[in-house]
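A.B. asks: Pasting a structure below so you can have a look.
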Amino acid sequence: MRTIDVSVIKESIKHMCIDANYNIGADIQAAFHKSLETETSPIGKSILVDLLENARIAGEKQVPICQDTGMVVVFAEVGQDVHLVGGDVKMAIDQGIREGYEEGYLRKSVVADPLNRVNTKDNTPGIVYFDIVPGDQVKLKVALKGFGSENMSKTKMLKPSDGIKGVEAFVLETVSLAGPNPCPPIVVGVGVGGTIEKAALLAKQALLRSVDDESTLPHIKALEKTLLEQINQLGIGPQGLGGKTTALGVNVEVFPTHIAGLPVAVNINCHASRHMEVIL
Amino acid sequence: MQKKRINTPMTQETVKALKAGDQVLISGTVYTGRDAAHLRMIKALENDEALPFDVEGQVIYYVGPTPAKPGEVIGSCGPTTSYRMDDLTVPLLKKGLRGMIGKGERNQTVIDGMKKFGAIYFAAIGGAGALIANSVKSSEIVAYEELGPEAVRKLEVIDFPVIVVIDSEGKNLYETEREQYATK
Ligand code: SF4
């Protein structure tokens, strides 16, 4: 049995909230450069150049890439041989968010009640998922989710007979309807299978993979490739002003499902795709 | 492409001269306002109360910046998605608002209002908040301070980079350009 104090978790969450907001991922940066080679729209190209410049300024001045510094989603995989001490782990995670958003000069974008809408002023609570896994480590994954892109996400219960074509059509329809709203170039996370909430969760987890990552399942890897090609033929382009660069990547996650169903969720993320992980 | 320079407040002549697709650098005053501030302004108009600033000729930027770090004028300040302000826009256009800066589509009601009253919809680059902050030279809260990031701020900007997406004739770059680059 390994003992971990929850204050260590708090510190990690705090640092990841700040770091991920200031420093763009190497995968996104590489994807910008790659897109610059293929983009044919002059406005599109100039936007990609500006986004690279934006990332450079943010990293240099240590300020947020984007003003929507997101709602914090945390995936905590806790080894079953770990004993967490020093307090309530969920409170520790929220405290990490609170300190990160205050000390990092990040925007507080959370309201306490979805209908009364009073800002909690510290960006808490975070959305926390715990998983118990073998081993004596704790893995923390953090995603800082902007809502311009979150608002364009969708779930649909397809029929089993809709099959892979149905999945493709739904993803394309979702991206097409989103148009310029989620700040393209976007990253698309797709969850297929499970139940309605499982599909949505898979889509979110898909966004935690690196943008150039490929599925280990051959048929899903092929689906990711087809979807990326089809999305980039829609013409939406950087910021929706036309071009070949609508998405930087598509990640698909699958899970067993019921004989009667084919749940699909599409979680859209913007180029400000901010996520990080740490193993304690 | 040659960028056009304009100053705010905007005259009707400036509005007429701007066309969808123009890349523009704005200098002058720009007011910030997003969801909550719009709700309050519309409520004020409904109750025949004064707006927190005279909108005649002005430009509103849909943004909720991050807090400024010590020594900085403003935090990161890229645009937020505009459609959420669609139902709260025409009364402001009627009062003389001539420009809006945001990102994403507007509905037909807004476009019709822009044609009728003469206004421009500009897009700033979504997610380029650190870059955009460089063109903001001063920032002062003028109303609704309790709304935090959603308070109305008066910004003085120099060469604030935007693109005309919808002009005062209703020409919409989101529609025309996407069509052009789509593979059929
Ligand atoms: S959609 Fe993403 S890039 Fe655009 S404003 Fe929101 S968080 Fe920023």
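A.B. asks: Does segment A:256-275 hold any residues that are within 16 Å of the ligand (Cβ to nearest atom) and hydrophobic (A, V, I, L, M, F, W, C), and which are they?
C.D. replies: Here is the first cut: in segment A:256-275, the ones within 16 Å of the ligand (Cβ to nearest atom) are A:266-275.
Selection gives A:VAL266, A:ILE268, A:CYS270, A:ALA272.
A.B. asks: Tell me the residue from A:SER46, A:SER7 that is of a type in the set (Gly, Ala, Ser) and modelled with pLDDT under 95, please. Please lay out each step first, then the result.
C.D. replies: Working: A:SER7 fails: modelled with pLDDT under 95.
Unique residue meeting the criteria: A:SER46.
A.B. asks: Okay, moving on. For segment A:100-134, which residues satisfy the criterion of being surrounded by 16 or more Cβ atoms within 10 Å (Cβ to Cβ) and away from chain B (no Cβ under 14 Å)?
C.D. replies: A:THR124, A:PRO125, A:GLY126, A:VAL128
A.B. asks: Restricting to segment A:46-90, and then to whatever is among the β-branched types (Val, Ile, Thr) and assigned to a helix (DSSP H, G or I), can you tell me which residue is surrounded by the fewest Cβ atoms within 10 Å (Cβ to Cβ)? Steps first, please.
C.D. replies: Restricting attention to segment A:46-90, the residues satisfying the condition of being among the β-branched types (Val, Ile, Thr) are A:47, A:49, A:57, A:63, A:65, A:69, A:72-74, A:78, A:82, A:85, A:89.
Filter once more, so that each one left must be assigned to a helix (DSSP H, G or I): A:47, A:49, A:57, A:89.
Details: A:ILE47: 27, A:VAL49: 14, A:ILE57: 19, A:VAL89: 19.
The extreme case among them is A:VAL49.
A.B. asks: Another one. Out of (1) free of Cβ contacts under 8 Å to residues at least 12 places away in the same chain; (2) part of a loop (DSSP other than H, G, I, E, B), what's the single condition that is false for A:LYS221?
C.D. replies: (2)
A.B. asks: Which of the residues belonging to segment B:34-72 are more than 16 Å from the chain's Cα centre (by Cα), among the β-branched types (Val, Ile, Thr) and either over 26 Å from A:LYS61 (Cβ atoms) or surrounded by fewer than 16 Cβ atoms within 10 Å (Cβ to Cβ) (or both)?
C.D. replies: Within segment B:34-72, just B:ILE42 meets the criteria.
Rundown of residues vs (1) away from the ligand (no atom under 16 Å from the Cβ); (2) more than 14 Å from chain B (Cβ to nearest Cβ); (3) buried (at least 18 other Cβ atoms within 10 Å of the Cβ); (4) assigned to a helix (DSSP H, G or I), yes/no style:
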site: A:THR155; (1), (2), (3), (4): yes, yes, no, no
site: A:ASP162; (1), (2), (3), (4): yes, yes, no, yes
site: A:GLY166; (1), (2), (3), (4): yes, yes, no, yes
site: A:VAL171; (1), (2), (3), (4): yes, yes, yes, yes
site: A:THR174; (1), (2), (3), (4): no, yes, yes, yes
site: A:PRO180; (1), (2), (3), (4): no, no, yes, no
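A.B. asks: Turning to a different aspect of this structure: Taking interchain pairs and intrachain pairs at least six residues apart, which have beta carbon atoms under 7 angstrom, with the first residue in segment A:253-280 and farther than 21 Å from A:ASN21 by Cβ and of a type in the set (Ser, Thr, Tyr) and the second surrounded by 21 or more Cβ atoms within 10 Å (Cβ to Cβ) and at pLDDT 95 or above?
C.D. replies: As it stands, the answer is A:THR257/A:PRO263, since those pairs meet every condition given.
A.B. asks: May I pose another question? Among the numbered conditions (1) in contact with a helix residue (DSSP H, G or I) (Cβ under 7 Å, 6 or more places away or on another chain); (2) outside the structural domain of A:TYR129 (by TED's automatic domain parsing), tell me where A:GLU60 comes up short.
C.D. replies: (1)
A.B. asks: When the residues of segment A:1-45 are narrowed to those that are touching a Phe, Trp or Tyr at 6+ places or on another chain (Cβ under 9 Å) and not in a helix (DSSP H, G or I), which ends up surrounded by the most Cβ atoms within 10 Å (Cβ to Cβ)?
C.D. replies: A:ILE24
A.B. asks: Would you confirm whether any residue within segment A:116-124 is without any contact (Cβ under 8 Å) to a residue 12 or more places away in the chain, outside any loop (DSSP other than H, G, I, E, B) and polar (S, T, N, Q)? Steps first, answer last, please.
C.D. replies: Pass one, segment A:116-124, residues without any contact (Cβ under 8 Å) to a residue 12 or more places away in the chain: A:116-119.
Then drop every residue that is not outside any loop (DSSP other than H, G, I, E, B), which leaves A:119.
Those still in the list that are polar (S, T, N, Q) too: A:119.
Within segment A:116-124, one or more residues are without any contact (Cβ under 8 Å) to a residue 12 or more places away in the chain, outside any loop (DSSP other than H, G, I, E, B) and polar (S, T, N, Q).
A.B. asks: Of all residues in segment B:2-33, how many are under 21 Å from B:ASN134 (Cβ atoms) and basic (Lys, Arg)?
C.D. replies: Qualifying residue count for the region: 3.
A.B. asks: With the condition kept exactly as written, say whether any residue in segment A:228-238 is within 15 Å of the ligand (Cβ to nearest atom), assigned to a helix (DSSP H, G or I) and modelled with pLDDT of 95 or more.
C.D. replies: There is at least one residue in segment A:228-238 that is within 15 Å of the ligand (Cβ to nearest atom), assigned to a helix (DSSP H, G or I) and modelled with pLDDT of 95 or more.
A.B. asks: Shifting gears a bit: Can you find a residue that is within 16 Å of the ligand (Cβ to nearest atom), assigned to a helix (DSSP H, G or I) and crowded, with 21+ Cβ neighbours inside 10 Å anywhere in segment A:135-151? Let's see the steps before the verdict.
C.D. replies: Step one: of segment A:135-151, the residues within 16 Å of the ligand (Cβ to nearest atom) are A:142-151.
Right, trim to assigned to a helix (DSSP H, G or I) and you get A:147-150.
Restricting the remaining residues to those that are crowded, with 21+ Cβ neighbours inside 10 Å gives A:148-149.
Yes, some residue in segment A:135-151 is within 16 Å of the ligand (Cβ to nearest atom), assigned to a helix (DSSP H, G or I) and crowded, with 21+ Cβ neighbours inside 10 Å.
A.B. asks: Would you tally the residues in segment A:185-200 being surrounded by fewer than 22 Cβ atoms within 10 Å (Cβ to Cβ) and over 21 Å from A:ILE164 (Cβ atoms)? Full working, then the answer.
C.D. replies: Of segment A:185-200, the ones surrounded by fewer than 22 Cβ atoms within 10 Å (Cβ to Cβ) are A:193-198, A:200.
Filter once more, keeping what is over 21 Å from A:ILE164 (Cβ atoms): A:197.
Qualifying residue count, segment A:185-200: 1.
A.B. asks: Which of the residues spanning segment B:151-184 are closer than 26 Å to B:THR32 by Cβ, facing chain A (nearest Cβ under 10 Å) and hydrophobic (A, V, I, L, M, F, W, C)? Quick ask: steps written out before the conclusion?
C.D. replies: Initially, segment B:151-184 is screened for residues closer than 26 Å to B:THR32 by Cβ, giving B:151-168, B:170, B:172-174.
After this cut, where a residue has to be facing chain A (nearest Cβ under 10 Å) as well, the list is B:161, B:163, B:165, B:173-174.
Result: B:ILE163, B:VAL165, B:LEU173.
A.B. asks: Just a yes or no: is a residue in segment A:52-74 within 16 Å of the ligand (Cβ to nearest atom), among the small types (Gly, Ala, Ser), within 18 Å of the chain's Cα centre (by Cα) and at positive phi?
C.D. replies: Yes, that holds for at least one residue.
A.B. asks: Restricting segment B:15-29 to residues that are of a type in the set (Val, Ile, Thr) and away from chain A (no Cβ under 14 Å), which is farthest from B:SER168 (Cα to Cα)?
C.D. replies: Restricting attention to segment B:15-29, the residues satisfying the condition of being of a type in the set (Val, Ile, Thr) are B:15, B:24, B:26, B:29.
Okay, now just the ones that are also away from chain A (no Cβ under 14 Å), so B:15, B:26, B:29.
On the way: B:VAL15: 7, B:ILE26: 17, B:THR29: 21 Å.
Of everything passing the filter in segment B:15-29, B:THR29 is farthest from B:SER168 (Cα to Cα).
A.B. asks: Now for a separate question. Considering only residues that are closer than 16 Å to B:LYS94 by Cβ and among the basic types (Lys, Arg), which ones fall in segment B:34-56?
C.D. replies: The one that is closer than 16 Å to B:LYS94 by Cβ and among the basic types (Lys, Arg): B:LYS43.
The values are calculated or read from the model by the stated rules, or taken from the named source; none is laboratory data. This is a predicted model, so every value here is computed, not measured. Positions of Cβ are generated from backbone atoms using ideal geometry, with glycine treated the same way; all protein chains shown enter the neighbour counts.
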